[in-house]
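Working notes, beginning with the structure itself.
Any read-out appearing in this document is the output of simple, stated calculations on the displayed coordinates, not a laboratory observation. This structure is a prediction, so every number in the text was calculated from the model and none was measured. Heads up, the Cβs are rebuilt from the backbone with ideal geometry, glycines too, and the neighbour counts pull from every protein chain shown.
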Amino acid sequence: MTVIIKTKEQIEKIREGGKILAEVLNKVAKKVAPGISTYELDKYAHDLIKEKGGIPAFLNYRPEGATSAFPASLCTSVNNEIVHGIPSKSRILKEGDIISLDLGLKYKGLFTDHAVTVAVGKISKKDQELLDKTKKALEIGIWAAKGGATVGDIGHAIESFVNRKYGIVRELAGHGVGVKIHEDPYVPNYGKAGKGQKLIPGMIIAIEPMLNIGKDNITVANDNWTIKTADGAKSAHFEHTILITEGDAEILTK
Ligand code: MG
């Protein structure tokens, strides 16, 4: 495992990129409404990133082992889709849906990663609670990510907070980010306190809990990209890129 401690110069650039990414994703989230296609959201995200002088990090990204490159800038995962949903002109959002918007940015040669899940029009109380809980799980994870703590502390904090009231996706996790879009360490949303990689000031990681109304289990759709809940229940996903410091982590994507 190779953990990259970022230099002051890298941190400054990633901070700039993170701010841009947060602005862009916030604008895209505000566009979400019944009747819009996921393609339109992707195009909007792509255009905004270009306007800011950035590069969409997920477009044509091909992780190790993948059979194809991701064909869009934005991941749009609706309802029972957890992550990596492919935008499409035929996927029209409707009242009561929830959608995870996951966006990666390359700016001045460095990467940031950010995701939110938002309501499409009016949603059920149960779905709103899922969104609130997942957002809070991310906050709890960030709170645990203090200098000198470990990756296990983050996962343990999230898992304890969720307390089996929701499924936690286990096959996917947060990750180091910055020089590449996915770096070491691997940051699971469950774990044992005090275990795993130590968090060193200057590390930059993305924390990204994915919670399901049903069970933990996942399945991959026929497009070989979209990850869905195995039981068809709804799922939410929130993610921030953060800088590890001596004390509380600094959120870079806000
Ligand atoms: Mg990520």
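One table, with the values for the structure above:
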item: Residues being under 14 Å from the mean Cα position of the chain (by Cα), closer than 12 Å to Asp153 by Cβ and either in a loop (DSSP other than H, G, I, E, B) or away from the ligand (no atom under 12 Å from the Cβ) (or both) - total across the range 171-196; result: 1
item: In the range 98-123, residue farthest from Ile168 (Cα to Cα) [restricted to those that are in contact with a Pro (Cβ under 8 Å, 6 or more places away or on another chain) and away from the ligand (no atom under 16 Å from the Cβ)]; result: Gly121
item: Hey, Ala221 small (Gly, Ala, Ser), under 29 Å from Tyr61 (Cα atoms) and more than 15 Å from the ligand (Cβ to nearest atom) or not; result: yes
item: Extreme residue, farthest from Leu101 (Cα to Cα), among residues of the range 197-218 that are within 16 Å of the ligand (Cβ to nearest atom) and either assigned to a loop (DSSP other than H, G, I, E, B) or small (Gly, Ala, Ser) (or both); result: Met203
item: Qualifying residue in the range 42-58 (condition: buried (at least 20 other Cβ atoms within 10 Å of the Cβ), closer than 12 Å to Pro87 by Cα and among the hydroxyl-bearing types (Ser, Thr, Tyr)); result: no
item: Selection count, the range 55-75, where residues are touching a residue at least 40 places away in the same chain (Cβ under 8 Å), among the aliphatic types (A, V, I, L, M) and within 10 Å of Trp225 (Cβ to Cβ); result: 1
item: Residue identified as more than 23 Å from Glu81 (Cα to Cα) and among the acidic types (Asp, Glu) among Glu183, Glu208, Glu239; result: Glu183
item: Residues that are within 20 Å of Pro56 (Cβ to Cβ), over 13 Å from the mean Cα position of the chain (by Cα), polar (S, T, N, Q) and crowded, with 19+ Cβ neighbours inside 10 Å, drawn from the range 68-113; result: Ser73
item: Search result, residues across the range 119-168 that are in a helix (DSSP H, G or I), farther than 27 Å from Glu246 by Cα and under 17 Å from the mean Cα position of the chain (by Cα); result: Leu130, Leu131, Asp132, Lys133
